[in-house]
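Read-outs: derived from the displayed coordinates by stated rules, not from any lab. The model shown is predicted, which means the values in this text are computed figures rather than measured ones. For neighbour counting, all protein chains shown are included, and Cβ atoms are generated from backbone atoms with ideal geometry for every residue, glycine included.
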Amino acid sequence: MPDLAPEAADFTNATFARIFTEIGAMMELKGESPFKSRAYRTAANTFANLPEDIKRVWREGRVNDLPGIGKAITDKVNELMTTGKLRFYDRLLEEIPPSLIALTEIPHVGAKTAMLLYQTLGIQGIADLEKAIEDGRIFTVPGIGKKSVESIKEGIEAIQRRSADKRELLGTALPILRQMISLLKSSCPGIGKIEIAGSARRWKPTVGDIDLLATADEPHKVINCFVKLPMVGTIDSQGENKSTVRLHNGLQVDLYVMSPEYYIPLLHHFTGSREHNIHLRDRAIKMGYHQNEYGLYKADGTPVPIPTEADIYKTLGLQWMPPEMRENRGEIELAARGQIPTLLELSDIKGDLQSHSTWSDGAESILAMARAAKKRGYQYLAITDHSQSLTVTGGLTVERLHKQRKEIEEAQAAIGSNFRILHGTEVEIKLDGTLDFPDEVLAWLDIVVASIHLGLRGSAEQVTQRALAAARNPHVDIIGHPTGRLINQREPSALDVSALIREAAKTGVALEINAAPDRLDLDDIYVKEAMEEGCLLAVSTDAHHHSNFNFMEYGVHVARRGWATPDRVITAWDIGKLEAWLKSRG
């Protein structure tokens, strides 16, 4: 392995994440293939979430082994490490002003609009854009009118809110946290219990600072192990019982190490939510108890034994409830009546009803996806490649859809009769509310997921009428990712979700909980509303690679946060029940 260039000595994982993110953005601005742009963004995400120093990985020759990293990316990493520079990146910087990248991050401003703003008005950043809106020059840009400007202003406000919130996707944070816990358990013999607390334990879609709670007889030894973990970038503080570190990806993690007798009350306290805890403490006071983060006490100060969290709730006359429910949305009243439902579990899932193959924008063949699903213990997988209007994804025409059926039949024969491959589509709901394929084609397919990708920024009435029209079509089985949101990237559409929920309850169409960590759409608030209205739900991963099947747990926990039960989730049904339901829909 060549020597590390002096200029590269200070490179961090964040350095590589930034460079490859910018390459992907600049390629998009140039109008290059979206597949190429996505490859660089995937590499950037890998570097950002790498649990060890990229320089160590490079020295050991393991860059090419990282997920999503091929020879082209590996060669560029080698060039950066050995020269401190990247010629490809430098050439892009000469062609595309890097300040334009900030514009592409604004919801409602894509690469084409960013280039148009630059070419017409010389706008290179958010400040320039805000000034052009303020003085009215924005209206001289072809194709931009009052409605577009209002959407752009909303996008600027959204990105400013995100900057202030500084919250990370749970799907980004959780795998690293799990690896940290695994390493601590294996490298610190004195460690006892250890668990993630806070909003991550409640499975909120995004997290701020992370709390880890542990027990040990000698806390300082665990702290010493913690600060030496390979994913730790900097140490903000290090004490006898607590340490705060910042990981290579910028995430802050606090570790508290305590005596075993305080573990359960502190775990409960740190799990929250704050509103749930306040309500619980008020109930304790009314019942003659006092509760704080260190325990539950009788009026005379005698501590109540609480070996488990369930004992806290039992003492207060309540059923125990999963952490996902602890948001003060009526769960305490429900627990007082003994009516906490049996929530959906990951083990209940019998299959996945949205996935993509190389026929559109997926990365693997139908057979490879099906085999991976079967290996997970699933009974079925729906292949739902995009329809023809979504040209950027290589959406299928009717002719290609018929050709795809032959490959599905071949894959079905290869995988055997004890696993079912459903031939479906993710059909685009067009601007006028019609679907991208005629009814006779939809009727021929095994399953139909209808989604909106184009025109998400339409008015509330427009977007809602499109979704309602699809929900009324008897050939549509599932409405996919209803609001179209991308967490931290794109705001939800103006869809009246409550209206869609009411219509779905009437027509029997299922509403998707898209389990991709940057979607999680429907969100938990609307899942709860859907459950109250009697809707069916489908937890699916929208997998474009077999590794995306791992997203399922995020969707399941959104369902749990919305109090969903397995009988109402069609992906928890066995293949016989599912196929009977699909047949009944016409």
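State, to one decimal in nm², a quarter of the convex hull surface area for the C-alpha atoms of the chain, i.e. the direction-averaged projected area.
On the way: hull surface 118.8 nm².
Taking a quarter of the hull surface, the average projection is 29.7 nm².
Does region 491-582 classify as rounded, prolate or oblate by the C-alpha gyration tensor (a ≥ b ≥ c root eigenvalues; a/c under 1.5 gives rounded; else a/b over b/c gives prolate, otherwise oblate)? Walk me through the intermediate numbers first.
Details: a/c = 1.66, a/b = 1.09, b/c = 1.52.
Oblate, because a/c is 1.5 or more while a/b does not exceed b/c.
Rounded, prolate or oblate: which one fits region 341-422, using the alpha carbon gyration tensor with axes a ≥ b ≥ c (rounded when a/c is under 1.5, else prolate when a/b beats b/c, else oblate)? List each step's numbers first, then the result.
Details: a/c = 2.54, a/b = 1.51, b/c = 1.68.
Note, shape of region 341-422 comes out oblate.
Step by step: find N for region 272-312, compute 2.2 N^0.38 Å, then divide the Cα radius of gyration by it. What's the final number? Let's see the in-between values first.
Working: Rg = 9.9 Å, N = 41, 2.2 N^0.38 = 9.0 Å.
Ratio of Rg to 2.2 N^0.38 Å for region 272-312: 1.10.
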Can you pull the semi-axes for region 53-93, root of five times each eigenvalue of the Cα gyration tensor, sorted largest first, whole Å?
19, 12, 7
Can you give the percent of C-alpha pairs in region 257-374 whose distance is more than 21 Å?
51
Taking Lys350 as the anchor, which lysines have their alpha carbon closer than 23 Å to its alpha carbon, excluding any fewer than eight residues away along the same chain?
Lys374, Lys375, Lys528, Lys577, Lys583
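Any idea what the dipole of region 269-343 comes to, in debye rounded to 20, about its Cα centre with Lys/Arg Cβ at +1 and Asp/Glu Cβ at -1? Working shown, then result.
Numbers: 9 positive and 10 negative charges, 37 e Å.
Dipole of region 269-343, to the nearest 20 debye: 180 debye.
Could you work out [θ]222 nm for the chain from helices alone, using -39500 (n - 2.57) per DSSP H run of at least four and dividing by all its residues? Round to the nearest 500 deg cm²/dmol.
On the way: 24 runs with 260 residues, N = 586.
So the helix-based figure for the chain works out to -13500 deg cm²/dmol.
Step through the table entries Lys204/Lys314; Lys112/Lys147; Lys85/Lys185; Lys131/Lys204; Lys204/Lys506, compare each Cα-Cα distance with 28 Å, and write down the pairs that go over it. Please report the intermediate quantities before stating the final value.
Details: Lys204/Lys314 26 Å; Lys112/Lys147 17 Å; Lys85/Lys185 39 Å; Lys131/Lys204 36 Å; Lys204/Lys506 30 Å.
Exceeds cut-off: Lys85/Lys185; Lys131/Lys204; Lys204/Lys506.
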